[in-house]
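Let me begin by presenting the structure, written as structure tokens, before commenting on it.
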Amino acid sequence: MYYKDLRDWLKLVDEFGELGRIDGADWNLEIGALTEISRNLKGREVVPALLFDNITGYPAGYRVITSLLFSTRRVALTAGIAPEADTLKFTRALFEKVSKSPGIPPAYVATGPVLENVQEGGDMDVLKFPAPRFHEEDGGRYLGTASVTITRDPDDGWVNLGTYRVMVHDGQTLGFYTSPGKHAGFHRSKYWAQGKPCPVAISMGQDPLLFMFSSSSSREGVSEYDLAGGLKGEPIEVIRGPYTNLPIPAHAEIVIEGEAWPDDRRDEGPFGEYTGYYGSGMRPEPVIRVKSILHRNDPIITASSPSKPPTDSAFIGARMFSARLWQQMEAAGVPGIQGVWCHPEGALFMLKAVSIKQLYPGHARQALAAVCGTQMGAFTGRYVIVVDEDIDPTDLGQVMWAVCTRSDPERSIDILRRCWSSPLDPGIAPGEKTNSRCLIDACKPYERLGTFPRAVGTSPELRARIIEKFGHMLLNNVM
Ligand SMILES: Cc1cc2nc3c(=O)[nH]c(=O)nc-3n(C[C@H](O)[C@H](O)[C@H](O)COP(=O)(O)O)c2cc1C
Ligand SMILES: [Mn+2]
């Protein structure tokens with residue numbers, strides 16, 4: 001049985017012992033630092049979701065939650081799949097679920113908990129919520145990180161959900177940063193071309209499933225609402241936003257509506273980003289003028305503090321991005337794919353490994369090129385590696401062993417130039433708009449498949465016999 005909303009989800013997570021609670025932290029740096037420290041504690045297997053209450057200067061009940069989707073069990077709960085320990089098998093299950101779910105459009109309902117408090121006009125102040133300032137060099141407080149920004153295409157009505165960071169400029173003005181090529185940016189440009197403001201609604205606390213889809217790429221024209229509903233097997237309940245008329249999650253904790261006008265910009269950033277760097281410093285970015293604030297009683301802000309991995313966004317991102325990339329590569333007609341992994345160590349986008357069972361000469365290069373051509377694989381990539389089917393692409397050690405022993409730089413590496421990047425890419429100079437791809441074919445050359453030196457290792461039959469005979473004497477459990 002599926003959970004209903006964030007609160008229901010939290011109850012289940014608490015029941016299986018993965019909810020941590022912190023009382024009395026300050027929104028200024030302490031929530032950010034505690035989140036970072038908690039995910040790097042040695043000797044602990046699972047990073048709990050962290051629920052902050054009694055935040056300095058705020059009423060009890062006005063909460064922030066971080067590290068939401070930072071465990072296999074929590075991702076499994078959210079996606080409705082089994083919590084498989086093997087990373088590749090788990091990613092395969094997620095891929096199957098995502099790719100086989102039909103789209104189910106959201107259902108409009110008359111009311112919902114998000115309407116428990118409605119404020120329009122006059123004395124609105126978004127800082128009634130404890131928006132964190134995460135890192136010491138951040139340029140401000142960020143209300144939206146694990147948030148969902150909702151926009152509509154003015155031409156065909158396509159409703160997009162995307163996660164884009166939301167800085168607080170003042171009580172009634174929010175930042176609206178989207179990287180080049182992101183869907184809300186497409187919508188915004190269309191309104192602006194007509195000289196009109198772009199209506200926006202931002203949910204700051206919602207079913208983690210919506211965040212799973214809003215923070216990973218889907219095709220243009222596809223609503224992430226439909227994908228989330230399809231995965232759940234029932235429509236996401238939405239109400240019409242009182243100002244924008246946009247569909248907003250009926251069970252959201254907080255929704256802020258507003259509009260973004262052409263040429264209305266303010267300095268945004270710096271913000272410690274998912275690459276592990278302070279993005280691109282501070283620069284003028286579009287803003288949202290707040291028109292309404294809706295929230296549940298005792299609302300919970302869902303937050304994700306980016307940084308160098310490990311982070312929650314790298315954990316869920318690796319699994320979702322890999323599932324989507326796998327789906328898109330199969331749709332592009334690449335056969336024999338055994339596994340796909342967007343390594344968190346590469347800040348998700350910058351190091352991808354694919355394993356294939358080679359079926360014909362040129363197959364490995366086809367897989368490499370396909371990664372760069374898919375929507376999921378194209379954005380801010382850098383290194384792509386293809387390996388044979390005996391290599392687990394999620395295991396960096398195995399992948400590098402294949403690179404070092406099966407590839408030869410002169411024969412195996414190609415460079416693709418002037419590719420899709422973003423201002424957050426620390427590897428390109430300020431002002432540069434594109435970066436390059438290094439494609440590494442670390443498969444055994446197809447022509448030498450039959451004669452390539454055999455890899456050393458105990459055969460499955462011998463292993464089984466030895467474990468049967470001596471397993472009880474081995475100190476560690478190798479079963
Ligand atoms: C915590 C977090 C913060 C993010 N911040 C931004 C951002 O500020 N701007 C942006 O363009 N993408 C950001 N992303 C990535 C987008 O959510 C992602 O590219 C998504 O596919 C965008 O949706 P779209 O494909 O519908 O445009 C962020 C992702 C996460 C997980
Ligand atoms: Mn989209």
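Remark: the Cys372-Asp86 segment gains 100.3 nm on full extension, using 0.36 nm per residue and subtracting the alpha carbon distance. For segment 188-253, the spread of Cα coordinates along the three principal axes comes to 39, 28, 18 Å, biggest extent given first.
Here the calculated FRET efficiency for Val118 and Ile37, from their Cβ-Cβ distance with R0 = 30 Å, stands at 0.20, rounded to the nearest 0.05. Here the label points at Asn245 and Arg283, each 7 Å from Cα along the C-beta direction, are separated by 3.5 nm in the simple model. Here segment 312-448 was treated as a single set of alpha-carbon atoms; its pair distances binned every 5 Å from 0 give 2, 11, 22, 24, 21, 13, 5, 2, 0 percent.
Between the beta carbons of Leu12 and Glu461, assuming R0 = 45 Å, the FRET efficiency works out to 0.60 to the nearest 0.05.
Couplings 3J(HN,Hα) for segment 158-166, derived from phi with the Karplus relation 6.51 cos²θ - 1.76 cosθ + 1.60 (θ = phi - 60°), are 4, 9, 10, 10, x, 9, 10, 4, 10 Hz, where x marks Gly and Pro.
For segment 429-479, applying the loop criterion from DSSP together with a ceiling of 14 other beta carbons within 10 Å to the trypsin sites (Lys or Arg not before Pro) yields Lys433, Arg454. Distance between the pseudo-spin-label points of Asp414 and Val46 (7 Å out from Cα toward the beta carbon): 4.4 nm. Kirkwood analysis of the chain, using all unique Cα-Cα pairs, places the hydrodynamic radius at 23.5 Å.
Ranking of Ile293, Ile150 by neighbouring Cβ atoms within 10 Å, starting from the fewest: Ile293, Ile150. Relative protection proxy for 317-329, 80-92, from highest mean packing down: 317-329, 80-92 (other beta-carbon atoms within 10 angstrom).
Sequentially through segment 41-51, phi angles give Karplus couplings (6.51, -1.76, 1.60; θ = phi - 60°) of 5, 6, x, 10, 6, 10, 8, x, 5, 10, 9 Hz, Gly and Pro residues having no value and appearing as x. Each residue in Ser223, Ser280 was given a count of other beta-carbon atoms within 10 angstrom of its own, and listing them fewest first yields Ser280, Ser223. Put in order of Cβ neighbour count within 10 Å, fewest first, the listed residues Leu34, Leu210 become Leu34, Leu210. With both labels modelled 7 Å from their Cα along Cα-to-Cβ, the Ala107 to Asn297 distance reads 2.6 nm.
Of all DSSP beta bridges located in the chain, what percent are antiparallel, nearest 5? Counting only bridges with both partners in the chain, antiparallel ones make up about 70 percent. The relative contact order of segment 6-302 comes to 23 percent, based on Cα pairs under 8 Å that sit 6 or more residues apart. Applying 1/(1 + (r/R0)^6) with r as the Cβ-Cβ distance of Arg448 and Glu468 and R0 = 35 angstrom yields a FRET efficiency of 0.45. Rounded to whole numbers, the Karplus 3J(HN,Hα) couplings from phi for segment 58-67 are 10, x, 4, x, 7, 10, 10, 10, 10, 6 Hz, using 6.51 cos²θ - 1.76 cosθ + 1.60 with θ = phi - 60°, and x at Gly and Pro. Of all beta bridges that DSSP places with both ends in segment 287-413, some 45 percent have antiparallel geometry. A straight chain from Glu220 to Glu136 at 0.36 nm per residue would run longer than the Cα-Cα distance by 26.6 nm.
When the GluC sites (Glu not before Pro) in segment 110-168 are filtered for DSSP coil states and for at most 12 other beta-carbon atoms within 10 Å of their beta-carbon, the remaining sites are Glu136, Glu137. Applying both filters, DSSP loop and at most 13 other Cβ atoms within 10 Å, to the GluC sites (Glu not before Pro) of segment 1-80 gives Glu45. For the pair Glu389 and Ala193 in one chain, pulling the backbone fully straight at 0.36 nm per residue adds 65.6 nm over the alpha carbon distance.
Taken together, the values in this text are just the output of simple stated rules run on the coordinates, not laboratory data. What you see is a predicted model; the values in this text were computed from it and never measured. Heads up, the Cβs are rebuilt from the backbone with ideal geometry, glycines too, and the neighbour counts pull from every protein chain shown.
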